[in-house]
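The values are calculated or read from the model by the stated rules, or taken from the named source; none is laboratory data. None of the values given here were measured: they were computed from a predicted structure. Cβ coordinates were reconstructed from backbone atoms using ideal geometry, including for glycine residues, and neighbour counts include every protein chain displayed. The area values use the complete protein model at the heavy-atom level, side chains included, leaving out ligands, DNA and RNA. Shrake-Rupley method; radii C 1.70, N 1.55, O 1.52, S 1.80 Å.
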Amino acid sequence: MNTSFGLLSTYPPTQCGVAAFAGALGTALSAASGVDRVGVVRVVDSPTFTDRPEVIAHLQANAAGSAEVAAAALDRHDVVIVNHEYGIYDGNDGDGVLELLHRLRSPSIIVLHTVKRRPTPHQQWILETVASLAGAVVITTESARTRLHETYTVDPAKVHVIPHGALVQPAIRTVSSSGEPMVLTWGLLGPGKGVEWAIVGMREVRHLAPRPRYVISGQTHPKVLAEEGESYRLGLYKKVRAFGVADLVRFERSYADPSALARLVDRADVVLLPYDTTEQVSSGVLHEAVAAGKPVIATPFPHAVELLGTGAGLLVPHRDGAAIGAALKRLLTDPDLVAGMRAEALRRTAGADWDTIATRYLALAAALQDATSKA
């Protein structure tokens with residue numbers, strides 16, 4: 001018998017990493033053998049319209065009765081997948097999601113996108129409550145599993161590691177001895193992205209021949225835009241001019257759809273993730289880059305340490321432009337190093353395409369349904 005899935009999440013056209021994850025997973029599940037249908041309850045801040053037929057309801061922030069309507073829509077499915085991130089739900093630290101979870105009757109899989117190392121007591125309580133209400137808990141990395149067990153009280157038997165999926169990429173182009181190599185950072189822009197340190201690093205390689213180009217692709221994060229405007233981006237423009245690399249750096253102010261993103265990543269010679277965070281246990285951008293076989297330079301946030309530590313990329317200290325520049329110089333001048341990184345990257349992410357990831361969620365759902373029927 002085929003399984004139907006309800007999916008609770010931010011969802012395209014919303015622009016955020018969780019929405020991109022949900023869109024890709026929903027599409028892969030819809031195409032998977034053994035799946036009846038996928039119905040999406042989209043998390044929104046205000047009333048909104050979408051012409052996507054899979055969106056069956058909305059969970060609207062601070063709207064009376066919204067949780068009841070959303071839970072009823074999700075309960076029309078065999079299994080519900082809930083994407084959890086503190087910032088996407090209403091209430092204090094997103095605790096508004098708990099009303100909906102208490103109302104759910106269908107078995108649920110909770111996907112934890114953030115597992116904080118030092119949560120506040122309230123954040124810890126929310127995550128532990130969310131996990132207790134779920135039939136299964138999914139995290140995307142082993143570092144997240146370790147942190148979950150070290151910091152939170154969650155039943156280990158519920159916890160499953162299913163990697164973040166990745167687009168199937170076309171043939172991979174490596175660094176060439178001719179042409180202008182492209183260094184790429186993509187994703188929503190805002191403080192903490194660390195792009196200012198990457199700009200400093202570009203100063204260290206401006207004399208290479210051929211000269212590299214640094215593409216910074218992505219719109220300003222909507223919440224940053226609402227609270228701070230374009231101050232971060234404008235500060236980056238000033239830094240580019242101050243460090244004399246204006247002719248090497250290009251900003252692309254767009255949010256790439258999956259096909260455009262695949263083309264962009266395919267053109268890149270190096271992917272640069274200079275994030276300030278020391279917390280991030282799951283990065284879709286990092287996983288996409290490594291699955292594409294691209295050499296990656298990243299700061300040592302947990303997911304980067306886990307995925308790049310065996311040779312799929314280079315780790316550089318946080319907030320260290322000189323170290324970024326030195327790493328760029330190595331990758332842009334050593335094709336043998338790049339070839340070895342590509343081989344290790346593809347080995348580490350084998351079987352991480354979205355179709356394969358969807359079958360793993362389907363298997364977990366089947367096990368959850370079986371356990372529920374026997375309870």
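Pairing each residue of region 1-21 that is free of Cβ contacts under 8 Å to residues at least 40 places away in the same chain with any residue that is surrounded by fewer than 20 Cβ atoms within 10 Å (Cβ to Cβ) and acidic (D, E), provided the two are 6+ apart or on different chains, yields C-beta distances under 6 Å for N2/D36. Being modelled with pLDDT of 95 or more, under 23 Å from S217 (Cα atoms) and out of contact with any Pro (no Cβ under 9 Å at 6 or more places or on another chain) holds for only one residue in L362, L315, L331, L307, and it is L307.
Quick grid of which residues meet (1) more than 24 Å from V115 (Cβ to Cβ); (2) touching a residue at least 60 places away in the same chain (Cβ under 8 Å); (3) in contact with a Ser or Thr (Cβ under 9 Å, 6 or more places away or on another chain):
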residue: V35; (1), (2), (3): yes, yes, yes
residue: P53; (1), (2), (3): yes, no, no
residue: A64; (1), (2), (3): yes, no, no
residue: V69; (1), (2), (3): yes, no, no
residue: A72; (1), (2), (3): yes, no, no
residue: V80; (1), (2), (3): no, yes, yes
residue: H84; (1), (2), (3): no, no, yes
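In region 63-78 there is at least one residue that is among the aliphatic types (A, V, I, L, M), more than 28 Å from A371 (Cα to Cα), out of contact with any strand residue (DSSP E or B) (no Cβ under 7 Å at 6 or more places or on another chain) and not in a strand (DSSP E or B). Taking first residues from region 224-241 that are under 21 Å from I199 (Cα atoms) and partners that are aromatic (F, W, Y) and part of a helix (DSSP H, G or I), the Cβ contacts under 8 Å between residues at least 6 apart in sequence or on separate chains come to V224/Y232. Identification of strands (runs of 3 or more DSSP E) wholly contained in region 89-199 with 3 or more residues that are open to solvent by less than 40 Å² (accessible area, probe 1.4 Å) and under 25 Å from H58 (Cα atoms) yields 108-112, 136-139. Evaluate the following for L362: is it open to solvent by less than 10 Å² (accessible area, probe 1.4 Å) and either in contact with a helix residue (DSSP H, G or I) (Cβ under 8 Å, 6 or more places away or on another chain) or under 24 Å from C16 (Cβ atoms) (or both)? It is false that L362 is open to solvent by less than 10 Å² (accessible area, probe 1.4 Å) and either in contact with a helix residue (DSSP H, G or I) (Cβ under 8 Å, 6 or more places away or on another chain) or under 24 Å from C16 (Cβ atoms) (or both).
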